[in-house]
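To start, the structure under review is shown below, and the notes come after it.
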Amino acid sequence: MSRNVYDLIGLLAGICFILALKGLSSPKSARRGNLIGALGATIATVIVFLYANDGKGLNHQPLILGAIAFGVLVGVPAARKVQMTQMPQLVALFNGVGGGAAALVAIVEYLKLGDGATVAQVVATVFTVIVGCVSFSGSIVTFLKLQELMTTRPVILPFGRQLIALSSISVLATGGWVIASSGTSPLLINALLSLLFGILFVLPVGGADVPIVISLLNAFTGLTVAASGYVLENTMLIIAGTLVGASGTILTRLMAQAMGRSLFGTLFGAFTAKASASTGAAEVRPVKSGSPDDVAILLNYAQRVVIVPGFGLAVAQAQHTVRELADLLASKGIDVAYGIHPVAGRMPGHMNVLLAEANVPYEQLVEMEEINPTFPQTDVVLVVGANDVVNPAAKTTPGCPIYGMPILDVDKAGNVIFLKRSMRPGFAGIENELLYDAKTTLLFGDAKESLTKVVSALKAL
Amino acid sequence: MSTELALLAIFLLSIFVGFEVVSKVSTTLHTPLMSGANAIHGVILVGAIIVADHSKTTLELTLSTIAIVLATINMVGGFVVTDRMLQMFKGKPKAKKQSDEAGGKN
């Protein structure tokens with residue numbers, strides 16, 4: 001196979017990736033888009049084997065095939081078995097290993113090129129190593145946060161700001177050192193410092209902002225792939241990496257907009273925020289808790305009910321039960337809708353995916369902008385395992401971590417029912433004043449069990 | 001056009017295409033789109049295979065083998081998990097979907 005044929009087929013793979021992203025942007029074509037992307041990636045991988053060394057096969061071919069097989073054996077079961085609730089952290093992890101792979105590719109190519117590397121190649125190598133390592137260690141930290149293996153709150157180290165500044169300066173300085181000296185050890189030191197910087201960079205990010213950071217790191221990894229494509233003079237890698245980098249940047253901005261924050265605020269918010277005032281008020285205060293029967297009665301005599309799902313719904317796998325409840329209410333002539341906050345759950349669109357699994361009719365899923373004006377006419381709002389997205393503190397408490405985030409105005413409705421596991425605050429760790437409001441009823445317990453009880457109580461009425 | 005310039009042109013044009021294709025996407029699809037894009041950058045696997053092929057020393061070969069494993073996990077796992085997310089959407093308003101599609105083609 002000639003180099004021209006190879007590059008042409010590489011271009012074909014690149015076109016597949018463009019069509020994949022295009023397809024993924026619309027609900028109708030999303031699944032096909034993903035498959036086209038997979039096709040492109042398969043084509044790109046297969047032709048390397050055919051092209052290499054004039055078709056005589058790759059050096060170390062058995063080892064390469066074995067490594068691929070091993071990767072498939074790890075990746076596919078992880079992707080197949082993961083629960084819906086854990087998908088965000090899996091995506092973070094996949095992104096991290098991709099960034100790590102890009103950094104390793106750059107390091108190996110750098111070792112091979114030795115003194116033969118051009119300045120531009122060394123610069124691209126340093127870029128790939130820095131960004132790839134940041135993406136790797138940063139994604140691992142986001143994984144640990146989402147998996148709740150470590151605290152989901154912003155971690156603010158003593159002298160955190162200075163530490164970050166220091167580590168970013170040292171990363172840039174060692175990067176410059178690599179370019180000036182073309183040495184191997186400087187590159188390794190640079191890689192280690194970049195790993196450290198990635199950790200420091202993500203630690204202060206608060207739980208609710210983690211999805212935005214995953215998206216940003218995803219865009220970063222795309223750019224490293226483009227840069228290593230430049231070093232390897234491989235156009236397909238440049239196209240694929242740049243596409244991901246560019247679309248990832250736009251996507252990150254869209255997500256940040258959906259949460260009503262600037263990207264800058266997300267990344268550096270933890271440094272500027274004062275110790276939040278609202279968390280101090282955690283003393284025991286009276287709340288009104290009700291039985292499943294109370295909740296059933298409230299619902300039964302309502303004319304309009306809005307269900308607000310959150311992460312608790314996902315954890316309890318209660319999507320089918322909530323649908324049963326909604327169907328039951330609808331059969332009684334009650335107007336039922338779901339109020340979907342763009343970032344309810346742990347990822348944008350998380351709730352849509354979950355409720356779609358339970359075959360909830362698409363028309364019942366109403367986005368925030370459309371549902372908010374209807375709350376004053378709503379009799380009962382049923383909040384299932386959501387907290388931060390309905391927390392009025394986002395409007396009333398300047399300085400709290402979610403201040404400025406658009407919320408669902410459930411406090412405008414006649415009655416609010418919270419299904420909660422406990423009085424524990426939400427992912428962002430902020431007390432919710434609405435829980436103590438006179439029109440609020442709390443039903444404690446696992447969302448699925450609570451809903452099942454409400455459904456049978458409602459049937460008995 | 002020199003190689004360097006051609007690569008630069010490809011890079012710049014790809015940026016615009018990347019911006020353009022995702023500029024209008026509903027929040028519902030943010031997560032699958034992020035996950036799909038994440039899988040696409042798994043093609044760094046190709047780069048990992050190329051450097052493994054070039055490897056002369058044990059160190060180079062070890063590092064590139066690790067890179068192959070990581071990139072494969074990223075790529076294959078990424079596409080599978082995206083497909084699983086999108087599976088949840090299917091079978092929903094099927095009739096509506098098709099009529100939409102037909103409407104769009106007119």
Partner shielding of A:362-373, as the mean number of partner chain Cβ atoms within 10 Å, equals 1
Net charge near A:His320, counting Lys/Arg +1 and Asp/Glu -1 over other residues with Cβ under 11 Å of its Cβ?
-1
Taking the reciprocal of mean 1/r across every pair of different Cα atoms in the protein assembly as shown, the Kirkwood radius in Å is 24.7 Å
Quick one: what are the phi-derived ³J(HN,Hα) couplings along segment A:443-455, Karplus 6.51/-1.76/1.60 with θ = phi - 60°, whole Hz, x for glycine and proline?
10, 7, x, 4, 4, 5, 4, 4, 5, 4, 5, 5, 4
So what J values fall out for segment A:371-378 if you push phi through Karplus, 6.51 cos²θ - 1.76 cosθ + 1.60 with θ = phi - 60°, rounded to Hz, Gly and Pro as x?
7, 4, x, 8, 4, x, 8, 9
Considering only Cα-Cα distances, which of the following residue pairs are longer than 27 Å: A:Lys145/A:Lys439; A:Lys56/B:Lys56; A:Lys420/A:Lys459; A:Lys56/A:Lys112?
A:Lys145/A:Lys439
Once you list every other residue whose beta carbon is under 15 Å from the beta carbon of A:Ala240, what net charge do they have if Lys and Arg are +1 and Asp and Glu are -1?
-1
Pairs of alpha-carbon atoms within less than 8 angstrom and 6+ residues apart define the contacts here; what relative contact order does chain A have, in percent?
14 percent
So what are the ³J(HN,Hα) numbers for segment A:104-111, from phi and the Karplus equation (6.51, -1.76, 1.60; θ = phi - 60°), rounded to whole Hz, Gly and Pro as x?
5, 4, 5, 5, 5, 5, 5, 4
Taking the protein assembly as shown and counting helices only, DSSP H stretches of n ≥ 4 at -39,500 (n - 2.57) each over all residues, the nearest-500 ellipticity at 222 nm comes to -20500 deg cm²/dmol
Cross-link candidates for A:Lys81: which aspartates and glutamates have Cα within less than 17 Å, leaving aside residues fewer than 8 places away along the same chain?
A:Glu357, B:Asp83
Nearest 10, in degrees from 0 to 90: the angle of helix A:61-81 to the longest Cα principal axis of chain A is 10 degrees
Shape of segment A:1-81, Cα gyration tensor, a/c cut at 1.5:
oblate
Local charge sum around A:Thr440 (other residues, Cβ-Cβ under 11 Å, Lys/Arg +1, Asp/Glu -1)?
0
Residues of A:209-220, mean number of Cβ from any other protein chain within 10 Å of their own Cβ, rounded to a whole number?
2
If the viscosity is 1.306 mPa s and the temperature 10 °C, what translational diffusion coefficient in µm²/s does Stokes-Einstein give for segment A:53-205 when Rh comes from Kirkwood over Cα pairs?
92 µm²/s
Going by the alpha-carbon gyration tensor, a ≥ b ≥ c the square roots of its eigenvalues, is segment A:284-460 rounded (a/c under 1.5) or, if a/c is not under 1.5, prolate (a/b greater than b/c) versus oblate?
rounded
If you line up the long axis of helix A:160-181 against the longest principal axis of chain A, both from Cα atoms, how many degrees apart are they, to the nearest 10?
20 degrees
Defining a contact as two alpha carbons under 8 Å apart and six or more residues distant in sequence, what relative contact order in percent does segment A:95-183 show?
39 percent
Leaving out ligands, DNA and RNA, what percent of the accessible area of the protein assembly as shown is carbon and sulfur, probe 1.4 Å?
64 percent
Shielding of A:74-87 by partners, i.e. mean partner chain Cβ atoms within 10 Å per residue?
5
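The values are calculated or read from the model by the stated rules, or taken from the named source; none is laboratory data. Because the structure is predicted, anything quoted here is derived from the model rather than measured. Positions of Cβ are backbone-derived with ideal geometry, glycine not excepted, and every protein chain shown enters the neighbour counts. With ligands, DNA and RNA removed, areas are computed over all heavy atoms of the protein, side chains included. Shrake-Rupley method; radii C 1.70, N 1.55, O 1.52, S 1.80 Å.
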